[in-house]
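> Next up is a structure, given as structure tokens.
The values are calculated or read from the model by the stated rules, or taken from the named source; none is laboratory data. Being a predicted model, the structure only gives us computed values, none of them experimental. Please note: Cβ atoms are built from the backbone with ideal geometry, for glycine as well, and neighbour counts cover all protein chains shown. Ligands, DNA and RNA are excluded from the accessible area calculation, which covers all protein heavy atoms including side chains. Shrake-Rupley method; radii C 1.70, N 1.55, O 1.52, S 1.80 Å.
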2 protein chains.
Amino acid sequence: MRMTTLSTDEIRIFVLGELLVRKMQKRPTLKDVAAYSQVSIISASRALRGLENVSPELRAKVEAAADALGYSRNPIAGSLRGQSSDLVVVLVPAMTNNVFPAVVDGIYAGLSQTGLGVVLGLTGYGIESEERVLRNMLAWSPAGLVLSGSEHTDDTEAMLAEFDGPIVEVMDIDGETERSQVGLSHLEAGRMMADHFLKCGYRRIGYIGAWGEQPLRSRKRRISFEEELRRNGVELVGRFIHPDPSSVSVGAESFDRLIEEHSDLEAIFFANDDLALGAMSNALDRGLSIPDDMAFAGFNGLDVCDVVRPHLTTIVTPRFEVGCLAGKIIADTFRTGENKGPQQRRELALELRQGGTTRLRNA
Amino acid sequence: MRMTTLSTDEIRIFVLGELLVRKMQKRPTLKDVAAYSQVSIISASRALRGLENVSPELRAKVEAAADALGYSRNPIAGSLRGQSSDLVVVLVPAMTNNVFPAVVDGIYAGLSQTGLGVVLGLTGYGIESEERVLRNMLAWSPAGLVLSGSEHTDDTEAMLAEFDGPIVEVMDIDGETERSQVGLSHLEAGRMMADHFLKCGYRRIGYIGAWGEQPLRSRKRRISFEEELRRNGVELVGRFIHPDPSSVSVGAESFDRLIEEHSDLEAIFFANDDLALGAMSNALDRGLSIPDDMAFAGFNGLDVCDVVRPHLTTIVTPRFEVGCLAGKIIADTFRTGENKGPQQRRELALELRQGGTTRLRNA
DNA sequence: CTGTTAGCGCTTTCAT
DNA sequence: ATGAAAGCGCTAACAG
């Protein structure tokens with residue numbers, strides 16, 4: 001161990017540093033780090049950011065100082081100076097809906113260790129509401145945007161076109177757009193279930209939706225479901241769209257309504273698992289035998305589809321994986337500083353296929 | 001309609017304004033609004049913020065300008081100047097867990113129309129992870145903090161003590177703290193279920209948990225559950241804590257394990273509904289009659305408890321309402337600029353009782 | 001009631 | 001390789 005003689009100046013600064021460490025109420029700034037390590041502020045900045053033109057000694061000194069002072073960068077100041085913040089804005093309809101929680105967890109996973117934070121915006125369904133929330137969020141100069149769905153208002157489209165940074169739309173890949181999309185085709189999902197019903201020999205088929213078909217995605221599934229049936233010579237017997245948001249009880253109630261008019265249905269496709277589970281419970285209460293008297297199918301692939309008797313037929317969606325890939329795309333674009341082209345996106349999309357695919361379960 | 005003669009200067013500014021409206025790539029700043037309305041920047045700021053000392057004419061002029069230019073405040077700049085941002089940091093373990101999505105929706109509801117944004121931090125269970133995430137988030141100088149649970153590391157406690165703004169802990173009110181807490185007593189919940197089991201006449205009782213009892217809240221429930229049983233002369237026959245996170249399948253697997261050793265249990269209390277549902281499904285597969293052969297009880301009060309046969313006994317928790325109240329407390333403190341004392345908090349807490357209470361369902 | 005001055009903490013020029 | 005100066009957009013603090 002080597003003793004060092006400190007100059008008075010160094011001592012002064014050292015003492016200052018110690019004081020800073022001990023009783024500074026406010027968080028240490030770059031200025032403090034610079035003073036402590038006796039370099040200019042900008043040098044401290046460069047060193048801490050790991051830029052090229054910094055001597056190893058200076059870097060070491062600064063890093064030691066930052067460490068000693070417990071310095072952490074103020075992202076707000078950095079964001080003001082630079083063009084964008086370290087925040088990723090994520091816009092989803094709501095959390096209590098069984099699809100977006102997993103997506104959000106996935107986004108986190110995909111974004112992990114990038115230093116990017118997630119600002120969550122709840123749009124409550126409805127693209128006008130989405131527009132309002134987005135306008136608000138844009139004020140944060142986000143580093144990236146994750147939206148749900150591919151239907152937006154014209155004003156939203158304009159804002160997105162103007163936005164300079166990665167944009168990923170999740171859970172719907174049917175829209176016509178130049179933007180990155182990660183998710184599944186709801187048109188395909190609708191067809192998938194129609195084909196399944198037909199293969200099972202069902203001919204008298206019904207449909208139940210909710211919330212006036214807000215999230216537009218459910219409407220896409222219904223439309224393509226109906227079209228695929230029709231293409232095979234089967235006309236949908238009846239449908240009921242409940243005005244309220246999806247839930248188990250709304251499913252049960254909707255079942256009552258639909259059965260009122262069409263008591264002889266062989267199978268019903270639901271906009272999601274919650275509705276289907278509620279209806280199934282109702283049907284069991286009525287003494288119906290499932291699937292012999294009537295078959296039920298939902299959408300999403302919730303775990304609980306496997307705990308009801310009989311198991312609920314559903315379409316599993318790779319929600320976590322979708323979020324994960326979305327996060328990775330944002331992170332990657334952020335890191336490299338440039339938007340990826342379609343080719344690159346396709347490569348990333350391949351990863352997704354390995355993680356999980358949209359598929360039937362309990363069929 | 002009155003024609004006005006514009007001075008050359010006014011024309012110049014007017015034209016500048018028009019240009020700004022039309023082809024400005026960057027978002028208009030306060031400076032642009034000030035130029036457009038021909039007042040000083042600070043006056044524009046004051047007018048827009050609705051401060052007192054502003055003449056109606058000036059205010060009108062500025063508001064018109066802001067409207068014409070499509071101005072919206074840059075919260076980043078404001079945050080840098082002031083001490084805190086307009087962001088509320090919300091720290092929860094994970095979204096895919098059936099309790100926090102509702103809480104987050106509630107927080108949004110409680111925060112609505114305050115202009116406060118929500119930065120979501122996922123701590124993935126474990127208070128060390130929480131500490132790390134919090135340290136990171138604190139860099140955003142949040143306007144408020146919402147944490148889940150009341151157990152924290154010492155360093156977290158230190159950060160919280162230093163934090164100058166409202167802090168609310170949600171979903172657990174058992175901890176010893178000076179901070180605002182909104183949620184439920186897990187000790188009470190455990191007792192509640194023990195009493196219910198005893199009232200039903202069950203004596204050979206088991207318990208199943210998961211994730212090594214991470215979120216500590218589940219452990220509290222178990223402990224008080226066991227204690228209440230013991231207080232009534234009943235000793236817990238057996239328990240199994242699965243190392244993996246809760247899920248339907250983990251519940252089913254844990255059931256296997258517990259039954260291996262104790263096949264003659266009369267009733268099992270689970271750390272949550274997911275585990276219970278999985279186990280119930282398993283038990284049905286084994287040909288057990290529920291609840292005659294064996295009774296099951298979960299925790300949370302998920303909707304799906306009502307769609308399984310027989311309905312799953314559970315404890316309903318007011319998750320949305322808890323989040324809502326937490327949001328309101330933050331919003332209120334933010335608006336008035338001062339932390340409320342315990343008295344005030346108790347008043348706010350009364351609201352909660354009206355919204356929803358922790359109670360037994362399907363008992 | 002309105003404006004001028006200064007500065008939040010950081011980073012992008014532009015020197016040296 | 002290092003530093004000085006300027007300024008991001010906004011708002012307290014002080015004039016007038």
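> Take A:SER249 and tell me if it is closer than 25 Å to A:ALA94 by Cβ, at pLDDT 95 or above and within 13 Å of chain B (Cβ to nearest Cβ).
Against the criterion (closer than 25 Å to A:ALA94 by Cβ, at pLDDT 95 or above and within 13 Å of chain B (Cβ to nearest Cβ)), A:SER249 qualifies.
> State yes or no: is A:SER129 assigned to a loop (DSSP other than H, G, I, E, B), more than 9 Å from chain B (Cβ to nearest Cβ) and within 13 Å of A:VAL92 (Cα to Cα)?
no
> Turning to a different aspect of this structure: Kindly indicate whether any position in region B:299-310 is away from chain A (no Cβ under 13 Å), within 25 Å of the chain's Cα centre (by Cα) and of a type in the set (A, V, I, L, M, F, W, C).
Looking through region B:299-310, at least one residue is away from chain A (no Cβ under 13 Å), within 25 Å of the chain's Cα centre (by Cα) and of a type in the set (A, V, I, L, M, F, W, C).
> Quick check: anything in region A:203-211 in a helix (DSSP H, G or I), touching a strand residue (DSSP E or B) at 6+ places or on another chain (Cβ under 7 Å) and crowded, with 22+ Cβ neighbours inside 10 Å?
Scanning region A:203-211, I find no residue that is in a helix (DSSP H, G or I), touching a strand residue (DSSP E or B) at 6+ places or on another chain (Cβ under 7 Å) and crowded, with 22+ Cβ neighbours inside 10 Å, so the answer is no.
> Of the residues that make up region B:246-255, is at least one open to solvent by 30 Å² or more (accessible area, probe 1.4 Å) and β-branched (Val, Ile, Thr)?
Within region B:246-255 (the criterion being open to solvent by 30 Å² or more (accessible area, probe 1.4 Å) and β-branched (Val, Ile, Thr)), the answer is no, since none of the residues qualifies.
> Looking only at residues in region B:212-245 that are closer than 30 Å to B:THR153 by Cα and β-branched (Val, Ile, Thr), which one is surrounded by the most Cβ atoms within 10 Å (Cβ to Cβ)?
B:ILE241
> So which of A:ASP105, A:ASP172 is open to solvent by less than 40 Å² (accessible area, probe 1.4 Å) and part of a loop (DSSP other than H, G, I, E, B)?
Within the list A:ASP105, A:ASP172, the selection yields A:ASP172.
> If you go through region B:31-44 one residue at a time, do you hit one that is part of a loop (DSSP other than H, G, I, E, B), at pLDDT 85 or above, within 12 Å of chain A (Cβ to nearest Cβ) and within 28 Å of A:ALA77 (Cα to Cα)?
For region B:31-44, residues part of a loop (DSSP other than H, G, I, E, B), at pLDDT 85 or above, within 12 Å of chain A (Cβ to nearest Cβ) and within 28 Å of A:ALA77 (Cα to Cα): absent.
> Let me ask something additional. If you check every pair at least six apart or on different chains, which have Cβ atoms under 9 Å apart with a residue in region B:39-63 that is more than 17 Å from B:THR29 (Cβ to Cβ) and near DNA strand D (Cβ under 9 Å from one of its atoms) first and a residue that is open to solvent by 50 Å² or more (accessible area, probe 1.4 Å) and outside any loop (DSSP other than H, G, I, E, B) second?
Filtered contacts from region B:39-63: B:ASN53/B:ARG46.
> Moving to a separate point now. Considering (1) at pLDDT 90 or above; (2) in contact with a strand residue (DSSP E or B) (Cβ under 7 Å, 6 or more places away or on another chain); (3) assigned to a loop (DSSP other than H, G, I, E, B), say which one A:GLY165 fails and leave the rest.
(1)
> Specify the residue that is farthest from DNA strand D (Cβ to nearest atom); the eligible residues are those in region A:64-74 that are open to solvent by less than 60 Å² (accessible area, probe 1.4 Å) and outside any helix (DSSP H, G or I).
Per the stated criteria, the residue is A:GLY70.
> Okay, next question. With (1) out of contact with any Lys or Arg (no Cβ under 7 Å at 6 or more places or on another chain); (2) open to solvent by 10 Å² or more (accessible area, probe 1.4 Å); (3) modelled with pLDDT of 85 or more as the list, and B:ASP273 as the residue in question, which single condition is left unmet?
If we test B:ASP273 against (1) out of contact with any Lys or Arg (no Cβ under 7 Å at 6 or more places or on another chain); (2) open to solvent by 10 Å² or more (accessible area, probe 1.4 Å); (3) modelled with pLDDT of 85 or more, just (2) comes out false.
> Shifting gears a bit: Looking at region B:71-87, which of its residues are in contact with a Gly (Cβ under 7 Å, 6 or more places away or on another chain) and farther than 18 Å from A:LEU116 by Cβ?
Hits for region B:71-87 are B:SER84, B:ASP86.
> Next question. Output the residues belonging to region B:76-96 that are more than 16 Å from DNA strand C (Cβ to nearest atom) and open to solvent by 30 Å² or more (accessible area, probe 1.4 Å).
B:THR96
Let's see how each residue does on (1) part of a helix (DSSP H, G or I); (2) within 14 Å of chain A (Cβ to nearest Cβ); (3) out of contact with any strand residue (DSSP E or B) (no Cβ under 9 Å at 6 or more places or on another chain):
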position	(1), (2), (3)
B:THR177	no, no, no
B:HIS196	yes, no, no
B:ARG217	yes, no, no
B:ILE223	yes, no, yes
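> Can you tell me which residues in region A:134-150 are in contact (Cβ under 8 Å) with a residue 24 or more places away in the chain and surrounded by fewer than 18 Cβ atoms within 10 Å (Cβ to Cβ)?
Passing the criteria: A:ARG135, A:LEU138.
> Just one of A:GLY110, A:GLY106 is more than 11 Å from every other protein chain (Cβ to nearest Cβ) and modelled with pLDDT of 90 or more; which is it?
Answer to the check: A:GLY110.
> Could you say which residue among B:GLU227, B:GLU253 is closer than 17 Å to A:ASP303 by Cα and among the acidic types (Asp, Glu)?
The unique qualifying residue is B:GLU253.
> Among the residues in region A:148-161, are any of a type outside the set (Gly, Ala, Ser), farther than 30 Å from A:ASP293 by Cα and within 14 Å of another protein chain (Cβ to nearest Cβ)?
Among the residues of region A:148-161, at least one is of a type outside the set (Gly, Ala, Ser), farther than 30 Å from A:ASP293 by Cα and within 14 Å of another protein chain (Cβ to nearest Cβ), which makes the answer yes.
> For the subset of region B:75-96 comprising residues that are in contact with a Ser or Thr (Cβ under 7 Å, 6 or more places away or on another chain) and assigned to a loop (DSSP other than H, G, I, E, B), which member is farthest from DNA strand D (Cβ to nearest atom)?
B:PRO93
> Considering only region A:38-63, how many residues are open to solvent by 60 Å² or more (accessible area, probe 1.4 Å), within 13 Å of DNA strand C (Cβ to nearest atom), within 37 Å of the chain's Cα centre (by Cα) and not hydrophobic (A, V, I, L, M, F, W, C)?
3
> Every residue in region B:256-270 that is under 35 Å from the mean Cα position of the chain (by Cα) and open to solvent by less than 20 Å² (accessible area, probe 1.4 Å), please.
Passing the criteria: B:LEU258, B:ALA267, B:ILE268, B:PHE269, B:PHE270.
> Next up: Which of the residues spanning region B:45-86 are within 13 Å of chain A (Cβ to nearest Cβ) and among the β-branched types (Val, Ile, Thr)?
Selection gives B:ILE76 alone.
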